[in-house]
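All remarks here apply to the structure that follows.
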Amino acid sequence: MPDADARCSVAIVGAGVAGALLAFELARAGHRVLLLEAGPASGPRVDLVADYALAAVKTPRSPYRDNQPPSPVTSPDSEDDYAQAQPSSPFKFKSTYLRRVGGSTWHMLGNMPRLVPADFRLRCLYGVGVDWPLGYDDLEPWYGEAEHALGVAGDHRALDGLHGAHRSRPFPMSRIWPSYGDLAVERAAAGLQVHGIPVELTSTPQARNSRPYDGRPACAGNSSCVPICPIGAKYDGSVHVRKAVAAGAILWDRAVVTRIDLDRTTRRVRALRYTRWDEAGARREGFVAADLYVVAAHAIETPRLLLASPDPDAAPAGVANGSDQVGRNLMDHLQGQGATIVAEPLHPFRGPPTTVGIDSFRDGAFRARHAAFRLSIGNDGMGRSETPYAALGRLVDAGLIGTDLRTALRDRLSRQFRISYSTEMLPRPANRVTLADGPADAFGVPRAALAMTLDDYNRQAFAKALAVVSAVFDRLGAPDPERKMQEEDTYSGAGHIMGTTRMGRDPSSSVVDRDCRAHDHDNLFIVGAGVFPTGGTANPTLTVAALALRAARTVSTLLRTGP
Ligand SMILES: Cc1cc2nc3c(=O)[nH]c(=O)nc-3n(C[C@H](O)[C@H](O)[C@H](O)COP(=O)(O)OP(=O)(O)OC[C@H]3O[C@@H](n4cnc5c(N)ncnc54)[C@H](O)[C@@H]3O)c2cc1C
Ligand code: SF4
């Protein structure tokens, strides 16, 4: 039985970057903020780094022992950790997330591009997908705010106007330096055109410091950003959790929100039910009541919580689900890569894993037929296609030993190279999060089940992207037998979980309005990449942050004036 009640002005579910930014903005505006986070808070960063060093298998989850079994808030570490809504489907949703204070940004790479204007108008311009209820110009000032809040290093001049994306203010710090390999690839690709489009390299904006910024050090370039930056040069959501707490917000870590309760007459949210847990196995249940509520639990856990909170009178199909859109339109940026050995040394493995990309294919009339895509120039050898350890094994297997082995290894590693690509997906209703049959989780909440299909819109883009990769490899003198190209119909996840609670003008086809306020319940806001109607080609977190900062202004005004 519940044994504790709490009261605040605004209760926020989830202390990832979206929840933390809101908590900070609202706390510093003087509101009483309670932040409920399902996962644990981290101790000293060095302990996480040590856990990573000690882990036999290095995956994005490796440093975070308290998100692994037997933790009751296990974070998925691969597609095998998900319940499948269509077990026979060959396609699986592959991206993962992290349940801890600071959220999934703890293991993100840190690329922070903005969406481009056409990304907001896919239906109107190209007849596919849907349009957003707001445009690039509406979000532009908030992009600037977000870049300063997170600390984004970038090249203002190079990016101002990219595919029409104008910038009203510079980045807070200059770009992360390009690597030796970046410049060599840029020289080799000069003048190259593929599919009639120039292949140009552009510096990638990143939430990692190019100089000491916001109390954190400059990047030391040792390339372990995923799964953890050892020195905190890369941004993660815990930065704003700390700021929020300093501004007066109350943080409850290990507090899982298990249900949203509605008032049957007004249909407004009346309370959140939660369970607080500790490592010794003790549990305590309670209710939180607030004037306004924000769900910031990311694009799988948010619809899961909404769907797990049906009310026979106020929300029979789940909270905010009058449109039947909650959980639908699940998207990712589907990734592939080509890797090879090039003619001249590029000297990889110094600096972050990528610092420049090819942005030329992020927009164009082709989007009526196939997905836009963005390519990243790697600075980490052949990436997952052939690690340095695998290269060593290959040379030993070829019979090399002693000086011959050392010379051959040095030569091969210095010439390893990869380019990866990530393609947008269209919002498809059948790609979705539902509640799984079978056992609930440790807190009695049904588990999420995922359904995913791949369509020709993506397949065509995979082929086009691979043609760009091949053309760059040709320029770099990479012999055909050394090329390891992504196999047809295969992809990996980018970690960019989007859709599932999309925004729109029409309450019959969307979940929230342009301010992230639920159409069905006027004291409920939903923030995070779940509200994206379409995914574009930008890594999502900067847009998540910009929308969260924009929503914070609306929430703050409502708290002052009353909804
Ligand atoms: C390997 C990897 C690399 C990535 N690289 C990039 C990149 O380069 N650039 C980029 O822009 N993005 C990247 N991302 C994506 C990025 O991590 C996410 O976009 C971002 O973290 C989303 O922020 P969020 O606040 O919406 O969600 P999260 O950060 O996931 O936070 C949600 C929080 O809600 C909590 N929560 C969930 N359910 C409940 C509940 N019921 N009760 C209480 N709390 C709850 C969770 O525990 C979690 O802490 C990457 C992701 C991965 C996995
Ligand atoms: S390269 Fe190293 S120091 Fe720089 S952000 Fe990545 S992990 Fe941190």
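The values are calculated or read from the model by the stated rules, or taken from the named source; none is laboratory data. Keep in mind that this is a model prediction, so the values were computed, not measured. In this analysis, Cβ positions are derived from the backbone assuming ideal geometry, glycine residues included, and neighbour counts consider all displayed protein chains. Accessible surface is based on the protein model in full, side chains and every heavy atom, while ligands, DNA and RNA are left aside. Shrake-Rupley method; radii C 1.70, N 1.55, O 1.52, S 1.80 Å.
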Tell me yes or no: at least one residue of segment 448-462 is assigned to a loop (DSSP other than H, G, I, E, B), crowded, with 18+ Cβ neighbours inside 10 Å, in contact with an Asp or Glu (Cβ under 6 Å, 6 or more places away or on another chain) and of a type outside the set (D, E, K, R).
no
Tell me, yes or no, whether segment 268-285 has at least one residue that is closer than 30 Å to TRP177 by Cβ and either within 16 Å of ligand 2 (Cβ to nearest atom) or assigned to a strand (DSSP E or B) (or both).
no
How do the pairs read when you match residues in segment 207-224 that are open to solvent by less than 30 Å² (accessible area, probe 1.4 Å) with residues anywhere that are at pLDDT below 95 and away from ligand 1 (no atom under 16 Å from the Cβ), using Cβ under 7 Å and keeping only pairs 6 or more apart or on different chains?
GLY221/ARG350
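Just checking, which of GLU79, GLU37 is touching a residue at least 24 places away in the same chain (Cβ under 8 Å) and either closer than 25 Å to GLU285 by Cα or in contact with a Leu (Cβ under 8 Å, 6 or more places away or on another chain) (or both)?
GLU37
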How many of the residues in segment 298-325 are outside any loop (DSSP other than H, G, I, E, B) and not polar (S, T, N, Q)?
11
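So which residues in segment 225-236 are within 23 Å of THR387 (Cβ to Cβ) and either near ligand 2 (Cβ under 7 Å from one of its atoms) or open to solvent by less than 10 Å² (accessible area, probe 1.4 Å) (or both)? Please lay out each step first, then the result.
Applying the first criterion (within 23 Å of THR387 (Cβ to Cβ)) to segment 225-236 yields 225-230, 234.
Within segment 225-236, CYS225, PRO227, ILE228, CYS229, PRO230, LYS234 meet the criteria.
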What are the pairs with Cβ atoms under 9 angstrom where one residue, in segment 535-557, is without any contact (Cβ under 8 Å) to a residue 60 or more places away in the chain and the other, located anywhere, is crowded, with 24+ Cβ neighbours inside 10 Å and of a type in the set (Val, Ile, Thr)? Sequence gap at least six, or different chains.
PRO540/ILE497
Only one of (1) in a loop (DSSP other than H, G, I, E, B); (2) touching an Asp or Glu at 6+ places or on another chain (Cβ under 8 Å) fails for PRO76. Which number is that?
(2)
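Rundown of residues vs (1) open to solvent by 70 Å² or more (accessible area, probe 1.4 Å); (2) part of a loop (DSSP other than H, G, I, E, B); (3) under 19 Å from ASP363 (Cβ atoms), yes/no style:
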| residue | (1), (2), (3) |
| --- | --- |
| ASP138 | no, no, yes |
| TYR143 | no, no, yes |
| PRO178 | no, yes, no |
| GLY181 | no, no, no |
| GLY191 | yes, yes, no |
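Would you point out which residue out of ASN539, ASN523 is modelled with pLDDT of 95 or more and within 16 Å of ligand 2 (Cβ to nearest atom)?
Exactly one residue qualifies, and that residue is ASN539.
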Tell me, please, whether a residue that is touching a helix residue (DSSP H, G or I) at 6+ places or on another chain (Cβ under 6 Å), at positive phi and open to solvent by less than 10 Å² (accessible area, probe 1.4 Å) can be found in segment 310-321.
yes
